[in-house]
1. Please find, within segment 327-378, the residue that is farthest from residue 298 (Cα to Cα) out of those that are in a loop (DSSP other than H, G, I, E, B) and among the aliphatic types (A, V, I, L, M).
2. Collect the residues in segment 57-84 that are crowded, with 17+ Cβ neighbours inside 10 Å and either in a loop (DSSP other than H, G, I, E, B) or small (Gly, Ala, Ser) (or both), keeping them in residue-number order.
3. Yes or no: residue 66 touching a helix residue (DSSP H, G or I) at 6+ places or on another chain (Cβ under 6 Å) and of a type in the set (D, E, K, R)?
4. Taking residue 324 as meeting all but one of (1) assigned to a loop (DSSP other than H, G, I, E, B); (2) in contact (Cβ under 8 Å) with a residue 12 or more places away in the chain; (3) β-branched (Val, Ile, Thr), write down the number of the exception.
5. Please determine whether any residue of segment 236-259 is touching a residue at least 60 places away in the same chain (Cβ under 8 Å), charged (D, E, K, R) and out of contact with any Phe, Trp or Tyr (no Cβ under 6 Å at 6 or more places or on another chain).
6. From the list 205, 197, which one is touching a residue at least 12 places away in the same chain (Cβ under 8 Å), surrounded by 19 or more Cβ atoms within 10 Å (Cβ to Cβ) and in a helix (DSSP H, G or I)?
7. Taking only segment 149-194 into account, find how many residues are of a type in the set (Val, Ile, Thr), part of a helix (DSSP H, G or I) and farther than 27 Å from residue 218 by Cα.
8. Could you tell me which residue of segment 116-135 is surrounded by the most Cβ atoms within 10 Å (Cβ to Cβ), considering only residues that are aliphatic (A, V, I, L, M) and more than 21 Å from the chain's Cα centre (by Cα)?
Amino acid sequence: MGRFRRSAALSADILIVSPDDHLVEPADLWTSRLPERYRDIGPRIVRTRGRMDPSVTSDVAFVEDDEGRDADIWHYEDAVIPIPLISAAAGYEIDELTTDPITYDEMRPGCYRPADRLADMDIAGIEASACFPNTLVRFCGQRFLYGKDKELARLCVEAYNDFQIDEWGGSSNGRLIPLGIIPLWDVELAAKEVERVAARGMRAVCFSELPSRLDLPSIHSGYWDPFFAACERNQVGIMLHIGSSSSLTKSSPDSPHVVTSALMAVNCTIAMVDWLFSGKLMQFPGLKLAFAEAQAGWIPYYLQRVDEVWEDRRAWGGIHPLLTEPPSSQVPGRVWFSTFGDPVAFRILDLVGPDQLMFETDYPHNDTNWPRSLEVANKATEGLDEETKRKVLSTNAKNFFGMV
């Protein structure tokens, strides 16, 4: 861990180790790394005039229009993917945020350039940060899962991971924590990629919160065991971000987006229960999980509920034979959760688990608390003793990423 240079104003504060931020993939990430034969179909940026179709709510909503605005658009095989302002929102006021497509010129350079990211971290009292992908790659690499040319897709995954290790984290003195993706379409390739990046120092990779929603085998199937085994063997944590199943909860086809935003933690509740009843944390006793942007006020109820149904339904509920103890007993030291300021979680921290909760900043997304991250963190942890506050803001994340 490199030395953090902080101002006198921050000298008494506990600095944040954020387990959930994002980077906007640099425009030349793949064109500078892929073999020449793939550079015309691999991910590349084309500046185009256009607009977002308000009737479409996916990332394919961009429409070319000479009357529209300039936008830097990702092209990958047949896919056309804009970068909406809300995905690179750092520095904008709430009332300025839209889903309009933007150019790199309209973003803070900290969105995509590591030296500038470090400067932005200094502003907000952030000691270290792990960055998920953004709209092109998606939160666990789903983009390449759907690629037609799987050799190209594999090379894209490897190029992204090498960028995270060499360029994003390489000269940061440990402050930018490399976070990888895997070839989701082939578990043996996924396990090999874990071995490869772990040998280069990567300590966490992304995985889908609910792989069955990507038409992939569930965690119950046994299919993913080689991947889980590789993570355990190499002490690589698995990070599960909301939306990494390419789905969020909607109450109805015509419900406004704010309904989905308010229900953002629902997939995490499903995924946590799934994991606690899967037996995988017993089968792989060294495996570590972290739920990113999960918030945490919901956790105590579901921990007591899984124990309740484990006890009441053991004769007929399909309880895994490895689950000889209450499922909630698997959480301490094994399962982490992150929040960007859930006030309920801090009021009931003893029930959530003071060793398992982490504070995130979600830079540069529209939910980010940057540049007020330290102020928000101090307010959220007001009333906690210093040891507990240090755990939530720093030590717990360091433990997950193997930094201590």
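The values are calculated or read from the model by the stated rules, or taken from the named source; none is laboratory data. These figures come from a predicted structure and were not determined experimentally. Counting neighbours? That spans all protein chains shown, and the Cβs are built from the backbone with ideal geometry, glycine included.
1. That would be 331.
2. Passing the criteria: 59, 61, 71, 82, 83.
3. no
4. (2)
5. Checked segment 236-259: no residue is touching a residue at least 60 places away in the same chain (Cβ under 8 Å), charged (D, E, K, R) and out of contact with any Phe, Trp or Tyr (no Cβ under 6 Å at 6 or more places or on another chain).
6. Of the residues listed, the single one that is touching a residue at least 12 places away in the same chain (Cβ under 8 Å), surrounded by 19 or more Cβ atoms within 10 Å (Cβ to Cβ) and in a helix (DSSP H, G or I) is 197.
7. 1
8. 123
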